[in-house]
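Taken together, the values in this text are just the output of simple stated rules run on the coordinates, not laboratory data. Keep in mind it's a predicted model, so treat the numbers as computed, not measured. Glycine gets a Cβ as well: all are built from the backbone with ideal geometry, and neighbour counts include every protein chain shown.
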């Protein structure tokens, strides 16, 4: 399976340098690579979700699908399982009432079986879909009252602190006269504020 960064570069959505910047942010702040990419304002949530769909060979759940979500369907899934599996049921679709379930990562067969049982449908009627982590965590809080940690409260605009500067500094030669390798010093921040088709239009 191709890595997300490689897919984004191959699609022309990000440069290698931008992916490397997001990887450094991931080391500092944690979270998924896609989350750091969005927080650095390098990509919006829908293009990221589409890229994740290509990575995992699953349909992408986009903003328009979440906007059309069925509250009565969502109430059928217990908050415990929604939190445990990081997933949110969205809507019924098609003549056979298939149920779209958006998640951060591909759901395992056992997880799908539990979700199907909770929703009262046969497991083959579930349509697993992938969505960006920030969007799913927001929906878990909105629908199920599952509070996001400060890490996942998406900052906007200039409220995101500048990324730490990396500077390469020369080092004095060793006593034997051989040059030393350069070292990287980091000015660390003390804290941080808190190809598969898309799903059809609902």
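Averaging the Cα positions of each part gives two centres, and for the stretch 82-97 and the stretch 1-69 these lie 22 Å apart. Taking every DSSP bridge with both residues inside the stretch 56-158, close to 50 percent are antiparallel. Calculated FRET efficiency, residue 117 to residue 3, Cβ-Cβ distance, R0 = 45 Å: about 0.85 to the nearest 0.05. Once the chain from residue 15 to residue 108 is taken as fully extended at 0.36 nm per residue, the excess over their C-alpha distance is 30.2 nm. Approximating the spin labels as points 7 Å out from Cα along Cα→Cβ, the residue 75-to-residue 63 distance works out to 2.8 nm. Over the stretch 56-158, all Cα pairs binned in 5 Å intervals from 0 give whole-percent P(r) values of 2, 13, 26, 26, 19, 8, 3, 2, 1, 0, listed from short to long.
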